[in-house]
Each structure stands twice: as structure tokens, then as C-alpha cells.
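Each remark here refers to the structure printed beneath this line.
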Amino acid sequence: MIKLLLRVFVKDYKQTGDPEVRSRYGILSGGVGIFLNLLLFAGKITAGLLTSSISVIADAFNNLSDAGSSIITLVGFRLSNAPSDKEHPFGHGRLEYICGLAVSLAIILVGVELIKTSFDKIFNPGDITFDFLSFGIIIASILIKLWMFSYNTYLSKQIFSTAIKATAMDSLTDTIATFAVAAGMLINLFFRLNLDAYIGLAVAGFIIFTGIKTAKESLSPLLGTPPDDELVSQIRETVMSHEGITGIHDLIVHDYGPARTIISLHAEVPANIDILAAHDTIDLIEMELRNKFNCDATIHMDPLAVDDEKTNEMCDKVKDIVKKIDENITIHDFRMVEGATHTNLIFDVTVPHRFKISDGVVASRIRDGIKEINGNYYAVIHVEHGYL
């Protein structure tokens, strides 16, 4: 069923790296969500009015808020696919995250209002009635929401969308909440125990929890998050697969919205290689990264004296010094500049994010270790923090 919808409504649906195809995925998700959630709202509001159940009515308005969320998701995907302009040279991809944040706030507000209504029902309880038609509607909505969870989970995996993934999790939460409503109806029918208002509170709690969770997922990419480990590994493998590349470092993935990524990195090449040949290799790698990851790629070339035995031996010794401080520290751009009175060892040190030791202490310990090897060696160190 899901693949049938993709074949019918998404042209070239297998080309998920294409921003236009990705946009159609989002529009399809939003369109199906609008239709089904409005259908569920109509059914549940009818059931709630027939049974005078606040929990059913609360669940109905939960579906109405989901329909609103789907509208914003649909519009967000459409707007985020707009081309770059003078004011936004990197495009409008982050609008998807902003729309997700707006949806989250709307969901939270609905939850707060339902909490107020449920508390009022606790202090002013009323009789509720069991209606088989209403109960059938509730059971049908559980099945529909389970399908929507499966449907949106599949779509989110195809295009790596946090917005659609959040929609899928919202559907799963809705399923749990609606199941609680159905259980409350059966408890009232068989045991004459009216838990309606309390279940309404539980449903409202689920709604607020979902809103907060979705808000975090939407806000994180706006603030900036590290790239996925698998993506980093694929980028590294792509670059290192080319002859003449001896290492990479300072890899940064700049996120300007889904399918709008800028990759920058430093590629190490032998210092004795032909400069034009090395430049041609770098151009080829940049082109391959663009085609493979649908991104813009910029590579800085770092020449290293790979055939200098003395330099390589000293580099290995410095690596040993660094590893004694912490296994997660790395060095790069290592070179030796010999003078009449002393030799400079010039290199960069990368420490993990929020490293427990200050940059100054790290540099000082490395310098002390180098001095123990040779008092005429001076370390020129730049300490930086890793983004990965």
C-alpha cells in the first residue's frame, strides 16, 4: 500500500537524493495525514458527543491538532524546497525545522487546554454512556494510527527526515492514548468505574509529551548537531578511496536543511606529488562527493613529507605523547622546520568536545614530552576541538 502511494504520487520516488523528490515525499506524508486525521477527528468527536466522554473528545482534538501539524508539514516541505535567493543564498531548507517547531508549540497548547477541561470534569463529573458505534470508531482509529505509524516510519527512513519521523512517533503515541480511551470505556461498562476525566488527563499528558519531544527534535538541527556517524564514515571512505590521499581531518558538515549540505575537509597528500595532479584529484573528489551526497564540497589540500623518515619517526613519537594524555586526542599537519639553533615541530592537536583538560594544559604537556626527547625541539601547537 505504501509503495503503491509512492509510485502513484511521487515521480522518480527512488531518487531520494533529489530535493524535488524529497519535497514530494513530505507533501505526500502531509496530505495523507491531513485526510486521515480529519476523518478520525470527525469520527471521534461524534463518538465523544454520543457518549459524553471527555477522554474521547480530548482524543478527537488530538487528531485535529495532528491534522494541523500535517498542514504545516506539507507547507513546510513546499516552502523549504524554494530556490536560494539574495537574502538566503543557502536556500530555505531550515524552514522544515521551523515548521516542525511551530507544530510542536501548537500540540503543547492543545494539551494544556485539554488538561484544563479534564480537571473541570474531575470536579464536575457527569455520566457517560457506552455506545457500540462509538467503540467501533475508537478501535478503527487505533488500527488507522498504527498504519500511519508504519507509513511515516517508512517514509522517514527513505529520505532521512526528522520531521516525518516525529510524525510517525506522534502516531504511535496517539495509538497508546486511544487504547487508553478504549480501555476506559470498557472499565466503565463492566465495572461502573468512571475514569473518563483521568484518562483525559493521561491523553493530554501524552499530547504535551509528544509536543515537547517534537520541539527538541526540530530545535536541535537549528542550533547545530554533529553529522551522523554513518555519513562521516561514508565521506571518509569516499575520499580515502582515491590514490594519493594519505589522510583527512577537519571534516565539517554544515546543515542548511535536509538535502542542503555543505561538506568541508582537509585532505593530506604527499608533498613531493605533482601539484597539478594533486589538484585534479581534489577536484575529482569534490565532484564525487557532490554527486554521491547531493551536497556542496570544499577540500583544502595539505601537503605532508611522507617520505621523510626523520619527520615520520618524530611524528610517531609525538602521537605516543598525545595518546598518554588521552586516547581520543589526535594530531595532524605535522611538519619539522630545522634551523641553526633549534627545530620547530609544527602541528595541530584535535581534542574531543568539552574535553576535561584545558587547551593550555594539553599543549603544555605535549611540549614537556617533546623537550624530554630533545631539548632543541620546540613545539608550535594549535589546539582545536573536534566537531564529530
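The values are calculated or read from the model by the stated rules, or taken from the named source; none is laboratory data. Given the structure is predicted, the values throughout are model-derived calculations rather than measurements. Positions of Cβ are backbone-derived with ideal geometry, glycine not excepted, and every protein chain shown enters the neighbour counts.
Across region 241-251, the number of residues qualifying as surrounded by fewer than 15 Cβ atoms within 10 Å (Cβ to Cβ) and either of a type in the set (A, V, I, L, M) or out of contact with any Pro (no Cβ under 8 Å at 6 or more places or on another chain) (or both) comes to 3.
Of the listed requirements (1) of a type in the set (Asp, Glu); (2) modelled with pLDDT of 80 or more; (3) surrounded by fewer than 15 Cβ atoms within 10 Å (Cβ to Cβ), Asp66 misses just one: (3).
Of the helices (runs of 4 or more DSSP H) entirely within region 1-114, those holding at least 1 residues that are of a type in the set (Ser, Thr, Tyr) occupy 19-51, 54-80.
In region 1-57, which residues are of a type in the set (Gly, Ala, Ser) and surrounded by 18 or more Cβ atoms within 10 Å (Cβ to Cβ)?
Result: Ser23, Gly26, Ser29, Gly30, Gly33, Gly43, Ala47, Gly48, Ser53, Ser55.
Criterion applied to Leu109, Leu114 was being surrounded by fewer than 18 Cβ atoms within 10 Å (Cβ to Cβ) and under 18 Å from Ile207 (Cα atoms), and the one residue passing it is Leu109.
Just to be sure before I move on: is Arg78 surrounded by fewer than 24 Cβ atoms within 10 Å (Cβ to Cβ), within 26 Å of Ile212 (Cα to Cα) and either out of contact with any Leu (no Cβ under 7 Å at 6 or more places or on another chain) or of a type in the set (Phe, Trp, Tyr) (or both) in the structure I sent? Yes: the conditions hold for Arg78. Quick check on Leu40: is it over 23 Å from Ile142 (Cα atoms) and in contact (Cβ under 8 Å) with a residue 60 or more places away in the chain? So Leu40 does not fit the description; no.
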